[in-house]
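To start, the structure itself, in C-alpha cells.
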Amino acid sequence: MTAVGSKPLRVEIALDLTCVHSYLGFNRFQRVAARHRAAGGGLDVVFLPFQVSPEAPPEGRPLSEVHLAFFGSAEQAARATAGMAAVGAQDGLELNFERAVHVNTFEAHRLLATAAHQGLGEPMAERLFRAYLTEGLNIGDRAVLDRLAAETGVRPTPDGAEELRAELTRVRALGISSVPQFRFTDTILLAGAQPEEALQRAFEAAAAGN
C-alpha cells in the first residue's frame, strides 16, 4: 500500500501520444495512481509534451509504412509489432498497429494541455492513446480531436499553440530525449515503460518523503 503524505504528490510525466511505450507506462502509472488515491493520497499529475516525430505530417500516413522503412522488411516489422502487441495484451491493452495512422502530435498535445487546465488531463491522455493505438484514428485531425474532447468532457479552445511550442522547447532543453519519463516530487526519476512494481516503489518513496 502506498504511504500517504501530508500534501499531494506531484508527478511530471513526459510522453508522446503516438508512442506505444508512453501508453504502456501511462497505463501502468494509472493503476498505481488509482491505488494511491484509494488510500486517501492526493496526486497532481503534470504532463510534459514531447514529440518523437515532430516532422510527421498532420494529415498522417499509415504507421505500417513507417515501420517498413524503419525495420527494413515487412517480416521484421510484423515480428516487432506482434511482440509489442503481446506485451500490451498482458497489460490489458489492445494495440492495433496495422490500423494506426502515424501523425504529427502537436494538436493532440494542445488538446491535452487544454484538458489538463480543466482538470481532465489523465482521462484525455488515455482517450488519445486509445484512439491512436487501438482504434486507428487520426489524432491530428481537428474533427477527430473535437469528438474525443466531447467524449471526455473537455471544452476545446483555439488557444495555446504558442505556449505549447515554448513548452516543447523547454522540455527538450531539460535534456529529455526519449519518453516516457516520470519525475516524482523533483527527486525520483524513472525512464521508460517501467514495470508497475517500480512505479509503486516510486510512489511509496515519494510519499514517505512528502
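Relative to the first principal axis of the alpha-carbon coordinates of the chain, what is the inclination of helix 121-133, with its axis defined by its Cα atoms, in degrees from 0 to 90 and to the nearest 10? Tilt of helix 121-133: around 30 degrees. Each stretch of four or more DSSP H residues adds -39500 (n - 2.57); spread over every residue of the chain, this sum gives -16500 deg cm²/dmol at 222 nm. Distance between the C-alpha centres of the range 177-210 and the range 38-67: 18 Å, rounded to the whole angstrom. Taking the DSSP beta bridges with both ends in the range 9-208, the antiparallel portion is around 60 percent. Quick one: grab the alpha carbon gyration tensor of the range 61-133, order the square roots of its eigenvalues as a ≥ b ≥ c, and give me rounded if a/c is under 1.5, else prolate or oblate depending on whether a/b is larger than b/c. It is oblate, given that a/c is not under 1.5 and a/b is not larger than b/c.
In the range 1-65, what GluC sites (Glu not before Pro) fall in a loop by DSSP, with at most 16 other Cβ atoms inside 10 Å? Write out the running numbers ahead of the final one.
Working: sites: Glu12, Glu55, Glu59, Glu65; in loops: Glu55, Glu59.
Hits after loop and neighbour filter: Glu55, Glu59.
So how tilted is helix 20-38 from the main axis of the chain? Cα-based, degrees 0 to 90, rounded to 10. Roughly 30 degrees between the two axes.
In the chain, the longest principal axis of the Cα atoms and the axis of helix 74-90 are about 30 degrees apart.
Read-outs: derived from the displayed coordinates by stated rules, not from any lab. Since the structure is predicted, the reported quantities are computational estimates derived from the model, not experimental observations. Quick reminder, even Gly has a Cβ in these numbers, built from the backbone with ideal geometry, and neighbours come from all protein chains shown.
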